[in-house]
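The values are calculated or read from the model by the stated rules, or taken from the named source; none is laboratory data. Note that the structure is predicted; figures quoted are calculated from it, not measured. Backbone-built Cβ (ideal geometry, glycine too); neighbour counts: all protein chains shown.
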Amino acid sequence: MPVRDDEKQAAATLALLAQAVDKAGQGLVICDGNGKVVLRNAPARELMNAREGDLLAEKAVEAALGRALAGADHEEILDLYSPTRHTLEIRAFPLGSDGAGKKPSGAVALVDDVSELRRLEAVRRDFVANLSHELKTPLGALSLLAETLDGEEDPDIVTRLTSRVGAEARRFSRLVDDLLDLSRIEAGATGELAPVSLLAVLTETVEAFRDQATTLRIGLELAPVAEDIFVMANRRDLSSAVANLVDNAIKYSEPEGAVRVSVERSDGRAWISVRDQGVGIPRRDQERIFERFYRVDRARSRWTGGTGLGLAIVRHVAAYHGGEVSVESVEGEGSTFRMSVPLATEESSGE
């Protein structure tokens, strides 16, 4: 018996619907009134393979569908820890009825991987908490110093306290400037990229820290840089990123130590290296040092006037330039930070 045109059209429509459902960004599982799964799209299949953590997800979805078949909407959050931690949001709803209005004829479960959303929410909460703390510290110090200065007549004490007021005000100003820079970069307000001489940027940056290094008895060296190395960059932000790396290297070095800045070309990129002979970074902290306000040694960071945002700025600058940043460090021996920036082509350089 030939297949009728309307049956062909229905089959084609179902095939298109199945493809569309597979392209959806969330997992979708549909069962009939007996609990038999009749459709499971690609995202759902990826979540429910043979790994231990995903078997738990499959069981949770089956239980959610069972509750929906009983006539009740269901929603839950499932945290899985195998092989890596991720969080699923599962929602299930009854579909239709058997005609008498009592028993659903099926149920649908929607499964969303909300791991990244949860991570971003945690980052935002931590940022607000850390920012409040960081702002309160210099403001509290300024308030205390102002109270101490009030009525003080000893010239030596007044001079010392005034100097402290200036230091705390500068620290507060640096924090605000770093926050504004980070906010601007994260918002994408970075301006156009243009060919920039790496020799000019590195020379200018290193010389800006020469006096600071000398005062702390730190040797500061810029290895020879070829004059023909041009990178596609926003000069202001590139200078800011390199300055943060050099500043950190100096602050976390011991007297008589050395900081060396160098460049090498590889795979269409310029790799800027800043190496120090300082205290080093514990392995457990190396993956987190590029987070906002994360500090390995909080006491030393406060003593040196750090804002805790410098390496976060470096990471974002490297990212929007199409590069990357990494660190190699051994406690007690020092650290090497490497940041890459794409080289400018001859066409972009106008040569």
(message) One residue is enough: does segment 284-307 have a residue meeting the conditions modelled with pLDDT of 90 or more, closer than 26 Å to residue 214 by Cβ and not in a loop (DSSP other than H, G, I, E, B)?
(response) no
(message) Going by what's in this entry, would residue 210 be described as basic (Lys, Arg) and at pLDDT 90 or above?
(response) yes
(message) If residue 249 satisfies all but one of (1) surrounded by fewer than 22 Cβ atoms within 10 Å (Cβ to Cβ); (2) in a helix (DSSP H, G or I), what's the number of the condition it fails?
(response) (1)
(request) Only residues in segment 22-46 that are under 10 Å from residue 65 (Cα atoms) count as the first member; pair them with residues that are aliphatic (A, V, I, L, M) and assigned to a loop (DSSP other than H, G, I, E, B), Cβ under 9 angstrom, at least 6 apart or cross-chain, and list the lot. (result) 29/48
(message) With the structure loaded, tell me whether residue 172 is under 17 Å from residue 323 (Cβ atoms), surrounded by 13 or more Cβ atoms within 10 Å (Cβ to Cβ), touching a Pro at 6+ places or on another chain (Cβ under 9 Å) and of a type in the set (Phe, Trp, Tyr) or whether it fails that test.
(response) no
(request) Could you tell me whether segment 272-285 includes any residue that is within 18 Å of residue 315 (Cβ to Cβ), hydrophobic (A, V, I, L, M, F, W, C) and touching a helix residue (DSSP H, G or I) at 6+ places or on another chain (Cβ under 8 Å)? (result) yes
(message) Give me the residue from segment 175-203 that is surrounded by fewer than 14 Cβ atoms within 10 Å (Cβ to Cβ) and small (Gly, Ala, Ser) and, out of that set, modelled with the lowest pLDDT.
(response) 189
(request) Can you tell me which residue among 285, 237 is of a type in the set (Asp, Glu), in the same structural domain as residue 336 (by TED's automatic domain parsing) and in contact (Cβ under 8 Å) with a residue 60 or more places away in the chain? (result) 237
(message) From the list 291, 221, 256, exactly one residue is surrounded by fewer than 20 Cβ atoms within 10 Å (Cβ to Cβ), in the same structural domain as residue 340 (by TED's automatic domain parsing) and either within 22 Å of residue 181 (Cα to Cα) or in contact with a Gly (Cβ under 6 Å, 6 or more places away or on another chain) (or both). Which is it?
(response) 291
(message) If a residue must be surrounded by fewer than 21 Cβ atoms within 10 Å (Cβ to Cβ), more than 10 Å from residue 250 (Cβ to Cβ) and within 30 Å of the chain's Cα centre (by Cα), how many such residues does segment 204-218 contain?
(response) 3
(message) Please determine whether any residue of segment 155-168 is within 14 Å of residue 317 (Cα to Cα) and crowded, with 17+ Cβ neighbours inside 10 Å.
(response) no
(request) Those residues that are out of contact with any Leu (no Cβ under 8 Å at 6 or more places or on another chain) and assigned to a loop (DSSP other than H, G, I, E, B), I need them from segment 252-283; list them, please. (result) 252, 254, 256, 257, 267, 277, 278, 279, 280, 281, 282
(request) Just give me the residues in segment 221-249 being of a type in the set (A, V, I, L, M, F, W, C) and closer than 26 Å to residue 293 by Cα, in sequence order. (result) 233, 238, 241, 242, 243, 245, 246, 249
